[in-house]
1. Can you pull out the residues in region 129-158 that are open to solvent by 10 Å² or more (accessible area, probe 1.4 Å) and either among the acidic types (Asp, Glu) or in a helix (DSSP H, G or I) (or both)?
2. Give Asp45, Asp20, Asp98, Asp106 a once-over and let me know the one that is surrounded by fewer than 16 Cβ atoms within 10 Å (Cβ to Cβ) and under 19 Å from Cys160 (Cβ atoms).
3. Condition check: more than 22 Å from Ser8 (Cβ to Cβ) and of a type in the set (Phe, Trp, Tyr). Does Tyr152 satisfy that?
4. Among (1) surrounded by 14 or more Cβ atoms within 10 Å (Cβ to Cβ); (2) touching a residue at least 24 places away in the same chain (Cβ under 8 Å), which single condition is Met238 missing?
5. Could you list all residues from region 199-234 that are farther than 23 Å from Val262 by Cα and of a type outside the set (Asp, Glu)?
6. With respect to Phe109, determine if the residue is out of contact with any helix residue (DSSP H, G or I) (no Cβ under 6 Å at 6 or more places or on another chain), within 19 Å of Ala22 (Cβ to Cβ), of a type in the set (Phe, Trp, Tyr) and without any contact (Cβ under 8 Å) to a residue 60 or more places away in the chain.
7. Which numbered condition trips up Ala63, out of (1) touching a residue at least 40 places away in the same chain (Cβ under 8 Å); (2) more than 24 Å from Ile214 (Cα to Cα); (3) open to solvent by less than 20 Å² (accessible area, probe 1.4 Å)?
Amino acid sequence: MNLASIASGSSGNCIYIGNDHAHFLVDAGISRKRIVEGLSQMEIDPGMIQGILVTHEHMDHIAGLGVFLRKYPVPVFATGKTIDAILKTPSLGKVNPDLFESIAPDQPFLIDDARIEASRIYHDAADPVCYTISDQKSKVGVATDFGTYDDYLVEKMQGCETLLVESNHDLNMLMVGPYPYPLKRRIMGNRGHLSNERAGQFLSKVIGKNCRHILLGHLSKENNYGELAYETVKVELMLHNLNPDEADFSLQVASRTTPTYVI
């Protein structure tokens, strides 16, 4: 499976995953125009998309969903509680509820030759999940918007050739930044977001012999920047004898605003 980040950040998220036969989006938190432009750069017609996998109902993950569905009425997969929350979001406009298909964590399903599995995560949303998608050749994973992790999530994300994992904030930048204290507490909490350090610690448990590409995503515009996320995660990995400069996997940061490709 191939993975490309069309956009990944606190202001909007949309990830493409696919192979020669199957094509999916994980979230649609940017405009339809930006989604279509990102797909076109990969020479993928938006009409080829076979489904949108929604992680949760926060606007930076669904802002463009309604507009996209009115042009391209593809199935939307999410947990039942997430679907209920999406359909109660007025800003999405009119959407066809028949396009939404309820899924459950730990119950894989097949579309074409792709095996899709949702896994539970810790975040302050109705029923949030992350996703792994695999075919006969490889497995990829997208895990963002979680404040902490456990052995369950580590196990679910192991074995991926390509991983996009949240590296949301630098703790020092967050603490001295302009956010009100209740928001800082939410971000730092177990149902908030992973810091750069915690992202590195999580990856040190997940990375295996099959891993080839790691993308750090969902960076906060106010409390992080790419070089800092990269260096902090790299240090954490090196503490666990995983040096990206010497290992078989690459480490890079997904852009908030422009596509980042991994083929």
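1. Once the filter is applied, which keeps residues that are open to solvent by 10 Å² or more (accessible area, probe 1.4 Å) and either among the acidic types (Asp, Glu) or in a helix (DSSP H, G or I) (or both), region 129-158 yields Asp135, Asp150, Asp151, Tyr152, Val154, Glu155, Lys156.
2. When all the criteria are applied, what remains is Asp106.
3. Judged against the criteria, Tyr152 is a match.
4. (2) is the only condition that Met238 fails.
5. Across region 199-234, the qualifying residue is only Asn223.
6. Answer is yes for this residue.
7. Of the numbered conditions (1) touching a residue at least 40 places away in the same chain (Cβ under 8 Å); (2) more than 24 Å from Ile214 (Cα to Cα); (3) open to solvent by less than 20 Å² (accessible area, probe 1.4 Å), the odd one out for Ala63 is (3).
A quick yes/no check of all residues on (1) among the basic types (Lys, Arg); (2) in contact with a His (Cβ under 9 Å, 6 or more places away or on another chain):
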site	(1), (2)
Glu155	no, no
Leu163	no, yes
Asp170	no, no
Pro178	no, no
Lys184	yes, no
Ser195	no, yes
Gly200	no, yes
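The values are calculated or read from the model by the stated rules, or taken from the named source; none is laboratory data. Just so it is clear, the model here is predicted, and its values are computed rather than measured. Because the Cβ atoms are built from the backbone with ideal geometry, glycine has one as well, and the counts that use them run over all protein chains shown. Surface areas here come from the heavy atoms of the whole protein model, side chains and all, with no ligands, DNA or RNA. Shrake-Rupley method; radii C 1.70, N 1.55, O 1.52, S 1.80 Å.
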